[in-house]
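The values are calculated or read from the model by the stated rules, or taken from the named source; none is laboratory data. Please read these numbers as outputs of a predicted model, since none were measured by experiment. Every residue, glycine as well, gets a Cβ built from its backbone with ideal geometry; the counts of neighbours run over all protein chains shown. Side chains are part of the model used for accessible areas, which takes the heavy atoms of the whole protein and leaves out ligands, DNA and RNA. Shrake-Rupley method; radii C 1.70, N 1.55, O 1.52, S 1.80 Å.
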Amino acid sequence: MTDAKSIRPLRAREVSEWGQVADVVVAGYGIAGVCAAIEAARAGAEVLILERSGGWGGAAAMAGGFIYLGGGTPLQRALGFEDSPENMEKFLLAALGPGVDAAKIADYCRNSVEHYNWLVACGVPFREAFWGEPGWEPPHDEGLMYSGGENAAPFNTLVAPAPRGHVPQYADKRIGQRSGGYMLMKPLAETAESLGVRVEYDTRIRRLIVDDDDRVVGVVAAHFGKEIAVRAERGVVLATGSFAYAAQMVEGYAPRLIGRPAAAIEEHDGIGIRVAQALGADLAHMDATEVAFFGDPQLLVRGILVNGRGQRYIPEDTYPGRIGQATLIQQENQAYLVIDEASYEEALQTVTSTPFFRQPPTWAAESVAELEAEMGLPETALQSTVETYNRHAAEGKDPLLGKKPEWVRPIGTPLAAFDMRNFTAGFTLGGLRTDLDSRVLHVSGEPIAGLYAAGRCTSGLCAGGYVSGASLGDGSFYGRRAGVTAAKN
């Protein structure tokens with residue numbers, strides 16, 4: 001084999017020895033990879049997973065565990081929520097744009113109930129309990145929650161809201177270490193291995209291997225520094241995660257995330273995207289990013305968020321990921337939370353999954369004018385914002401941004417403000433362009449023979465916006481498609 005640092009595809013005729021052979025070779029043992037492996041094995045293929053770390057799970061096992069599902073899942077129905085594929089589709093088209101793949105969203109929504117049932121049949125547990133409080137995720141083991149701003153403006157005026165954040169049951173949560181995502185991955189990994197799926201850990205892909213017709217027939221991988229050629233008789237599935245930790249790619253495609261990656265694992269280095277690019281693969285939405293906002297939603301809903309000019313810019317009761325995107329992308333990462341003492345004390349009495357976001361305020365004052373001066377805002381900027389907000393809040397309304405009446409109340413005194421500038425981080429959403437069968441598309445629009453992909457190395461449901469559960473949702477869903485299509489090849 002040639003230069004180990006090259007990502008250009010290697011010709012099969014140059015391979016002197018195949019170290020491993022399988023029908024379907026899957027690169028990556030996270031959510032997309034495990035689902036691809038299960039379906040390929042069930043379709044009769046011999047499957048080999050190559051995982052660069054020492055165990056299964058990837059970013060999925062460290063995630064909160066939301067899987068975005070709807071259309072009337074058994075869990076939704078059991079908890080009394082009505083939903084339809086049409087309503088789910090209408091919401092996602094509005095929330096995930098601009099430029100969404102409408103065919104992919106329609107496909108996902110129409111098959112969402114079946115996908116839920118498939119996960120349950122694989123052993124993924126969902127507790128019949130709804131968490132209706134503001135939060136990043138349920139603090140306990142509740143199985144259902146709003147996870148995309150469905151019940152907040154402007155979406156609650158476009159389509160009937162329904163909670164679609166499905167969370168696997170896990171009682172012993174450690175946020176950011178082992179949460180609901182672990183109980184999504186564990187039964188799936190057990191299912192894959194019960195089907196005879198082979199796994200090689202500590203093995204990272206370097207480049208693709210193609211025959212003389214440019215069909216992908218394997219990968220070059222490194223196992224503890226030693227290169228091996230792995231042959232795929234039917235196809236290769238890329239499930240290698242995002243490029244959030246590939247500094248050069250972030251600088252080139254998603255510069256807003258420079259210095260602020262939050263993809264859970266540093267293995268998200270874009271390798272799957274780059275080896276496919278070297279074969280002419282097309283890309284989509286490489287600038288799209290999920291953006292977390294490091295604030296506690298129980299505090300946010302009870303105050304007002306203002307930008308660097310002292311102006312409100314988003315309903316505070318929406319999905320915090322939307323707040324993060326709006327703050328980073330539209331407000332130059334400038335944000336302050338203004339809240340009165342009574343609301344602050346009330347928020348501290350609530351249960352939260354993110355207690356580490358509950359820090360003391362940056363400034364406190366006896367009047368809005370005094371607070372405004374301490375914050376360094378232009379004179380009357382914050383005063384006029386609070387005056388306008390309070391005038392409408394006295395009637396329980398927020399005509400400016402549409403915050404729900406239950407959270408609208410005048411801001412009194414004494415009051416405080418939190419400096420939340422630069423309180424954002426995120427991961428990339430763009431990647432390889434794929435079709436509904438998870439085939440990687442060449443820049444010509446034609447599928448690249450023998451190459452499939454799913455998960456965060458692809459451009460999935462999201463084009464601009466985000467909902468919690470979209471990554472695990474489309475990763476698992478299109479991982480399944482990739483496994484089926486590759487096995488039948």
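Overview of results
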| read-out | value |
| --- | --- |
| Lone unmet requirement of (1) in a loop (DSSP other than H, G, I, E, B); (2) touching a residue at least 12 places away in the same chain (Cβ under 8 Å); (3) in contact with a helix residue (DSSP H, G or I) (Cβ under 9 Å, 6 or more places away or on another chain); (4) of a type outside the set (A, V, I, L, M) for Lys397 | (2) |
| Segments classed as helices (runs of 4 or more DSSP H), wholly inside the range 78-160, with at least 1 members that are touching a Pro at 6+ places or on another chain (Cβ under 6 Å), modelled with pLDDT of 95 or more and not basic (Lys, Arg) | 102-110 |
| Residue satisfying condition, being within 24 Å of Thr354 (Cβ to Cβ), among the hydrophobic types (A, V, I, L, M, F, W, C), touching a Leu at 6+ places or on another chain (Cβ under 8 Å) and buried (at least 21 other Cβ atoms within 10 Å of the Cβ), within set Trp131, Trp136 | Trp131 |
| Identity of the residue in the range 224-240, modelled with pLDDT of 95 or more and open to solvent by 10 Å² or more (accessible area, probe 1.4 Å), that ends up farthest from Arg481 (Cα to Cα) | Lys226 |
| Options Val338, Val275; residue that is surrounded by 19 or more Cβ atoms within 10 Å (Cβ to Cβ) and part of a helix (DSSP H, G or I) | Val275 |
| Sole exception among (1) crowded, with 21+ Cβ neighbours inside 10 Å; (2) more than 21 Å from Tyr452 (Cα to Cα) for Cys35, by number | (2) |
| Hey, Thr385 under 30 Å from Ala63 (Cβ atoms), hydroxyl-bearing (Ser, Thr, Tyr) and at pLDDT 95 or above or not | no |
| Scope the range 242-266; condition on the phi > 0 side of the Ramachandran plot and aliphatic (A, V, I, L, M); matching residues | Ala264 |
| Of all residues in the range 55-103 being hydroxyl-bearing (Ser, Thr, Tyr) and open to solvent by less than 20 Å² (accessible area, probe 1.4 Å), the one that is nearest to Gly475 (Cα to Cα) | Tyr68 |
| Residues of the range 358-402 that turn out to be in contact with a strand residue (DSSP E or B) (Cβ under 6 Å, 6 or more places away or on another chain) and surrounded by fewer than 16 Cβ atoms within 10 Å (Cβ to Cβ), as a count | 3 |
| Evaluation of Gly149 against (1) without any contact (Cβ under 8 Å) to a residue 12 or more places away in the chain; (2) on the phi > 0 side of the Ramachandran plot (one fails), failing number | (1) |
